[in-house]
Every structure is written in C-alpha cells, then in structure tokens.
Amino acid sequence: MVRAALASKRRIGKGPSRFAAIIPAATVVLASLLTALPIVSTSGWYPDFGFLAFIGWRLLRSDPWPAWWAAPLGLINDLFTGGPIGLSVALWSAAMLALDLIDRRTQWRDYWIEWAVAAVFLTLDEWLQWRVAKYAGADVPWLAMGPPLVISICVFPLVAWIVSRIDVKRLGR
C-alpha cells in the first residue's frame, strides 16, 4: 500500500494547540514543582528539574519565549526550591543569554553537542548553588554536588525527549 493511504486523515486543518504560547513556560513551572514532592533525603540527590526543563526547551527551540522570561521562571524556581531568591533568576538569565550567543555563533548542532552544552550549563548550575550555599555558611562538602550533577547529565536526554514530545503535541503535528 501507499504510505499516504496508511496515514491518518486528521492532519488536514489541525493547527497548534490553543495554549501553545504558554505550554513551554507551564512545563518549566511544573518541573520546578517536582521539588515539592514528599521525597525525604539527607543529601539532596535530586537534580534541579526546572533548570533541566528550561535547558531542554531552550535547546530544542529558541522561539517559544523571549529572553526576559528567564527571570520570572527563575523566580518561580527559587520560590519552590527554597534556594536564595535571585540565584535562579540570575543563573537562568545568564544561561538564556549565553544560549542566544551560542545560537548566533554555531551553524548547526547535533545531539552530542546539545548534550555537552547542557552538561556545561548543568555543571555551572550545581557549582554556583554549591558556592552560594558555602558563602551563606552551610557546611556542604564539595563531593555533595556530585550525585545531582551526574543524575542531571544522565537524565537530560530523557528530559529533552519529553520536551520534544510535548512540543509535537503543542504544535499539532
């Protein structure tokens, strides 16, 4: 049979979702809310899910939001994660600007380059959170940032895949 005969007929006239403009930001907020789950841990092994979703969306598409959206999304992340107010605001804004520069300087990116870029940003995120906690007087050993960093880098492909599936549904493809 011809491939066109096997295809679904509902694709004609199907456009983007009604809430297509806010779905990326809503998924980042929902990912930040994952820290509110009742997970009891003495070492904080879980990654910053909001930042993972933010980097996943930004590496997939640069068009869903302007650069200034990083500040309110970072503020929401700070409020839900319990971090110092302004840390995620500054970090996410700097990450957005740096990713804009990377987009302007590169001609193309493949899967491995995006994973490496995400790993660099996730490493900077964990390191800056550790430095701010150390500066605030917390007795946090340097090795404590290892497990969330390794988990973040290993989970990023899954997060990128979830974001891409949400984007397909968002755009009605």
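The values are calculated or read from the model by the stated rules, or taken from the named source; none is laboratory data. The structure displayed is predicted, hence computed values, not measured ones. As a convention, Cβ positions derive from the backbone with ideal geometry for all residues, glycine included, and neighbour counts pool all protein chains shown.
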Out of the range 110-120, which residues are surrounded by 13 or more Cβ atoms within 10 Å (Cβ to Cβ) and either of a type outside the set (A, V, I, L, M, F, W, C) or touching a Leu at 6+ places or on another chain (Cβ under 8 Å) (or both)? Glu114, Val117, Ala118
For the range 124-137, state whether one or more residues are more than 21 Å from Ala90 (Cα to Cα), among the aliphatic types (A, V, I, L, M) and either in a helix (DSSP H, G or I) or touching a Ser or Thr at 6+ places or on another chain (Cβ under 6 Å) (or both). no
Return only the number of the condition from (1) over 22 Å from Ala20 (Cβ atoms); (2) surrounded by fewer than 19 Cβ atoms within 10 Å (Cβ to Cβ); (3) of a type in the set (Gly, Ala, Ser) that Ala67 does not satisfy. (1)
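Results for (1) under 17 Å from the mean Cα position of the chain (by Cα); (2) surrounded by 17 or more Cβ atoms within 10 Å (Cβ to Cβ); (3) among the acidic types (Asp, Glu); (4) in a helix (DSSP H, G or I), shown as yes or no for each residue.
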position	(1), (2), (3), (4)
Ser93	yes, yes, no, yes
Trp108	no, no, no, no
Met145	no, yes, no, yes
Pro148	yes, yes, no, yes
Ser152	yes, yes, no, yes
Arg165	yes, no, no, yes
Residues of the range 43-56 satisfying the condition of being part of a helix (DSSP H, G or I) and either modelled with pLDDT under 85 or more than 15 Å from Ala98 (Cβ to Cβ) (or both): Phe49, Gly50, Leu52, Ala53, Gly56
How many residues does the range 104-130 hold that are in contact with a helix residue (DSSP H, G or I) (Cβ under 9 Å, 6 or more places away or on another chain), of a type outside the set (A, V, I, L, M, F, W, C) and within 22 Å of Trp65 (Cβ to Cβ)? 4
Of (1) farther than 19 Å from Ala160 by Cβ; (2) surrounded by 13 or more Cβ atoms within 10 Å (Cβ to Cβ), Leu59 fails just (1)
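Give the number of residues within the range 57-86 that are part of a helix (DSSP H, G or I), among the charged types (D, E, K, R) and in contact (Cβ under 8 Å) with a residue 40 or more places away in the chain. Step through it out loud before you land on a result.
First pass over the range 57-86, keeping only residues part of a helix (DSSP H, G or I): 57-60, 67-81.
Filter again for among the charged types (D, E, K, R), leaving 58, 78.
Subsequent filtering for residues that are in contact (Cβ under 8 Å) with a residue 40 or more places away in the chain retains 58.
Qualifying residue count, the range 57-86: 1.
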Subset tally (residues that are at pLDDT 90 or above and farther than 12 Å from Leu122 by Cβ) for the range 137-159: 2
